[in-house]
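The values are calculated or read from the model by the stated rules, or taken from the named source; none is laboratory data. In this text, all values refer to a predicted model and were calculated from it rather than measured experimentally. Using ideal geometry, Cβ is built from the backbone for each residue, glycine included, and neighbour counts are taken over all protein chains shown. Just so you know, the surface numbers come from the protein's heavy atoms only, side chains and all, with ligands and any DNA or RNA stripped out. Shrake-Rupley method; radii C 1.70, N 1.55, O 1.52, S 1.80 Å.
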Amino acid sequence: PYFIDLNQNLYLQACLHSSDPNLKVFVDTCVASPDPRDFNTLAYDIVRNGCPRDSSYTTFYSPSSHFARFKFNAFEFISRHPSVYLRCELMVCRLGDYSSHCYRGCTSRSKRDTSS
């Protein structure tokens, strides 16, 4: 366990272990939950589909495309629950593939028009 207080910044780094220098890692989704087996019932989105959902979420520059660095503030979940678990989903894309989700970043899907 990692112990932090409410409103303290939590810094994270994800690392892709690959010898291929032409890959890029991207944080697609990060969800917090007090239950390590259930990230749906009582969950808090930090990032969803590459879009920050928490205003304190910030990404940081990394000298390597194999690292994704980010931070967010410990939120109110922590004061109401003794433990909070994170589940993050990462994407790996080809370096320089500007049409990939890794480069497009936050892309909210547009709703379809239901009129005739």
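Here are some notes:
- In terms of its C-alpha gyration tensor, the stretch 49-95 has a prolate overall shape, because the principal axis ratio a/c (a ≥ b ≥ c, square roots of the eigenvalues) is not below 1.5 and a/b outweighs b/c.
- Rolling a 1.4 Å probe across the protein heavy atoms gives the chain an accessible surface of 69 Å² per residue.
- Distance between modelled label sites at residue 89 and residue 13, nm, 7 Å Cα→Cβ extension: 2.6 nm
- Divided by 2.2 N^0.38 Å, where N counts the residues, the Cα radius of gyration of the stretch 9-95 comes to 1.15.
- Length released on extending from residue 54 to residue 106, taking residue separation times 0.36 nm less the Cα-Cα span: 17.4 nm
- Contact order relative to length of the chain, as percent, for alpha carbon pairs under 8 angstrom and 6 or more apart: 35 percent
- Helical mean residue ellipticity (222 nm; -39500 (n - 2.57) per DSSP H run of 4+; nearest 500) of the chain: -1000 deg cm²/dmol
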